[in-house]
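Some notes on the structure that comes next.
All of the numbers you see were taken from the coordinates with simple rules; none came from a lab. It should be emphasised that the depicted structure is a prediction, and the values quoted were computed from it without experimental measurement. Glycine gets a Cβ as well: all are built from the backbone with ideal geometry, and neighbour counts include every protein chain shown.
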Amino acid sequence: MEFRAITPADYESVRQFLSEAGWEHRVSDLEQFKTMMENTKRTVVAFEGSRVVGFARALCDEVSNGYISMVAVAPDRRGQGIGRALIQRLTSDGDTITWVLRAGHGSDEFWEKVGFRSSGVAMEKLRS
């Protein structure tokens, strides 16, 4: 398995993967997806041969704060350590950055396994 940052040549295969993984509402427009990737500070794509089996992205100031925005693993590859590897690579700067995220329903157990814990201090302004 290969893990690396996304490149423009990967955009369409990653976009298709994310669409199939339930993120279609965020990636259906190719131009918006390109803009999203160009404005993302950190990305990790997991490839099995030429097949995308995982993807994660984060926004980060590279000093103290990071936000994990998207994590997806192919349904047939879940539970095999790909998600953990994506998060480890995405947050590989040690303990200097505080990472936050909005966890999907039912994913708390995964996030706790990779070192996150629930916080009562976050606020959010939802998009319309």
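Data for the structure
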read-out: Selection of GluC sites (Glu not before Pro), the stretch 24-128, meeting DSSP coil and at most 16 other Cβ within 10 Å; value: 62, 124
read-out: Estimated dipole of the chain in Debye, rounded to 20 [Cβ of Lys and Arg +1, of Asp and Glu -1, Cα centre]; value: 120
read-out: Computed over the chain, Kirkwood Rh from alpha-carbon pairs, angstrom; value: 15.3
read-out: Exposed-loop-free span, longest in the chain, where trypsin sites (Lys or Arg not before Pro) count as exposed if DSSP calls them loop and at most 14 other C-beta atoms lie within 10 Å; value: 1-40
read-out: Charge-dipole axis of the stretch 43-128 as Lys and Arg at +1 and Asp and Glu at -1 on Cβ define it, positive-most pick from 73, 103, 114; value: 73
